[in-house]
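See structure below.
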Amino acid sequence: METPEFKTVGIVGAGAMGRGIAQIAAQAGSKVLLFDTQADAVAKARESVAAQWDKLVEKGRIDAAAATAQKERLQPAATLADLAPCDLIVEAIVERLDVKKGLFAELEGIVQTTAVLATNTSSLSVTAIAAGLKRPQQFAGFHFFNPVPLMKVVECIAGLKTDPAVCQRLATYARQMGHTPVQAEDTPGFIVNHAGRGYGTEALRIVSEGVADFATIDRILKDQVGFKLGPFELMDLTALDVSHPVMESIYRQYYDEPRYRPSVITAQRLAGGVVGKKVGDGFYKYDGGAAQIASEPPVPQVDEMPPVWVSTRAARRAELYQLLKDLGAKIETGQSPSLNALTLVAPLGFDVTTVAVVERLDPARTIGIDMLIDDAATKRRVLATNPATRADMRDAAHALFARDGKPVSVVRDSGGFVTQRVVSTIVNIAADMCQQRVCSPKDLETAVTLGLGYPLGPLAMGDKFGPANILEVLFNMQTVYGDPRYRPSPWLRRRGAIGLSLMHEEA
């Protein structure tokens, strides 16, 4: 084992986060002193970590000698003063600025002048916590994610006065712990919590407009894009007493930036205690830990299928024609649809109503289909009605696109359907993080894929679906909603306009 960057490490806080950091620090070869104001919490944490190491021995992942050595390296600290020998102290206590500031002011008077002090804060300013310290250059953010041994990314955050060498040392130590470090500026939410704003908040806006229900939105984003969990499944897992305050904190810290606007839906559910899986009731109800999800609506039975006409302005028009042929549709190819034709539009960012009016189509027979993503690359098709769409046309479209067995979701009218809205919001926020120099594009992609488990990093997602397409979706959504939330980031707008990858950094 290589010599650890920090030989003696103090951990303040024996909760799940502190326990996890203590575990991987001991595994890295450091002597670890664990302190908590509740002495029994330290004893329970050591027992829990020791039990995990014993399980690893049983599974043949580590040998008994290694487990014994790690147990010996993890020791209790009876008082803060016992942390005096530490060359690194990581705090993992309550998210209150006054409490953290008080702790570090006390620690600074205990440890040697060369010691590094680090906070595991997820939402507070590193600079604000360090304010008042005599040696702010020795202070940084070192933000892990739960469960620490499994979540392999850690954010190294420099405050305004942090010595760059401190973050470099923390990054080296993170690698010795088996984690991947990313460097972040001291901005609200850092990288992961900042980049994650678009997924949940845009899904909540879609629900608030009555476009679709929770389960439908979750199905669409999992099947069309490849997310492991839908946004409402994810919020139920993390629990609203955790996720809603983060939404509000980042929104307020950015002085009410519309891109991060929270939702009254989560505020109300939090107030009512309907916070998620841990209480058995969230966006879904849980029985024995399993979500109770209603079955999808059945595919309608349609006796006679109308002919289909496709808008000349439809996205992926050639692919849509081929799909219709494969499904056995009767396709009209005239300049305008006949009086009994099902009329298909495939807009990017616009709603079906707007397209029907602009293209002078009969709204009663007009249905939208989301073609942002190649149909062959998705596991679900999404159709959208407008307020005037006839029920027989809606059912005919549903039945037609379900002919080959691929699931179909039918939603109400929305600028950008579901996938376009959520993906474009995610990409736009990530692009603006690069514009703000919160982090490098590479570190952003690494942090999001490891920290949030997205199928692709947000910039790679934008490149895959086309920066110009994402840009068009945002411009058109801004027209539909009149909301600055959808204004494109300059980073995205410039790269989309000249055909550059979103990962491209200027010379």
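The values are calculated or read from the model by the stated rules, or taken from the named source; none is laboratory data. Computed from a prediction, not measured in an experiment: that's the story for all the values here. No Cβ is skipped: glycine too gets one built from the backbone with ideal geometry, and neighbour counts run over all protein chains shown. In case anyone asks, the SASA skips ligands and DNA or RNA and just uses the protein heavy atoms, side chains included. Shrake-Rupley method; radii C 1.70, N 1.55, O 1.52, S 1.80 Å.
Observations on the structure shown:
- Radius, Kirkwood style, for region 1-77 when every pair of distinct Cα atoms is counted (Å): 12.3 Å
- Of the trypsin sites (Lys or Arg not before Pro) in region 400-507, those whose Cβ has at most 16 other Cβ within 10 Å and which sit in DSSP loop: Arg403, Arg412, Arg437
- Alpha-carbon geometry of region 369-498: the Rg and the Dmax are 16.6, 52 Å, given in that order.
- Cα-based shape type of region 249-332, given that a ≥ b ≥ c are square roots of the gyration tensor eigenvalues and the cut on a/c is 1.5: oblate
- Thr187, Thr238, Thr37, reordered so the largest accessible area comes first (probe 1.4 Å): Thr37, Thr238, Thr187
- Region 73-81 - phi-based ³J(HN,Hα) in whole Hz, Karplus 6.51/-1.76/1.60, Gly and Pro as x: 7, 9, 10, x, 10, 6, 9, 4, 4
- Reference-scaled alpha-carbon Rg (2.2 N^0.38 Å with N residues) for region 83-225: 1.27
- His504-Glu185 FRET efficiency (beta carbon distance; Förster radius 25 Å; 0.05 resolution): 0.80
- Ordered by 1.4 Å accessible area with all protein chains kept, Thr8, Thr366, Thr333 run largest first as Thr333, Thr8, Thr366.
- Rounded tilt (10° steps) of 164-176 against the dominant C-alpha axis of the chain: 80 degrees
- Length added when fully stretched, Lys285-Gln436, from 0.36 nm per residue minus Cα-Cα: 50.4 nm
- Pairwise centroid distance, computed over Cα atoms, of region 38-96 with region 317-375, Å: 61 Å
- Overall form of region 378-419 per C-alpha gyration tensor (a/c, 1.5; a/b vs b/c): oblate
- Carbon and sulfur %, accessible surface of the chain computed with the full protein complex present, 1.4 Å: 52 percent
- 10 Å Cβ shell holding at most 16 others, DSSP loop, GluC sites (Glu not before Pro): longest site-free stretch of the chain: 360-504
- Within the chain: Cβ-based charge dipole about Cα centre, in debye rounded to nearest 20 (Lys, Arg +1; Asp, Glu -1): 340 debye
- Phi-derived couplings, Karplus 6.51 cos²θ - 1.76 cosθ + 1.60 at θ = phi - 60°, listed residue by residue for region 407-417: x, 10, 10, 10, 10, 7, 4, 7, x, x, 6 Hz, with x used for Gly and Pro.
- Remark: the chain carries 42 Å² of accessible area per residue (probe radius 1.4 Å; ligands, DNA and RNA excluded).
- Helix-only mean residue ellipticity at 222 nm for the chain, each DSSP H run of n ≥ 4 adding -39500 (n - 2.57), per residue, nearest 500: -12500 deg cm²/dmol
- Candidate lysines - alpha carbon under 27 Å from Lys222, same-chain residues fewer than 8 apart omitted: Lys152, Lys277, Lys278, Lys285, Lys325, Lys379, Lys406, Lys442, Lys464
- Working from label points 7 Å from Cα in the Cα-to-Cβ sense, the Glu95 to Ala388 distance is 4.7 nm.
- Stretchable slack from Ala51 to Thr333, in nm (0.36 nm times residue separation minus alpha-carbon distance): 94.6 nm
- Helix 317-326 vs. the chain, principal-axis angle (Cα, 0 to 90°, nearest 10): 70 degrees
- Spin-label pair Lys134/Leu150, simplified geometry with 7 Å Cα→Cβ offset, distance in nm: 4.4 nm
- For region 117-198: rounded, prolate or oblate by the Cα gyration tensor [a/c cutoff 1.5]: oblate
- Neighbour-limited loop hits for chymotrypsin sites (Phe, Trp or Tyr not before Pro), region 224-309 (at most 12 other Cβ within 10 Å; DSSP other than H, G, I, E, B): Tyr255
- On Cα atoms only, tilt of 240-253 relative to the major axis of the chain in degrees: 90 degrees
- For Val32, the residues whose modelled amide H falls within less than 5 Å of its own, excluding neighbours fewer than 5 places apart on the same chain, are Val9, Leu74, Gln75.
- The string of couplings for region 91-103 from the Karplus curve (6.51, -1.76, 1.60, θ = phi - 60°) is 9, 9, 10, 4, 7, 10, 4, 5, 5, 5, 4, x, 4 Hz, one whole number per residue in order, with x for Gly and Pro.
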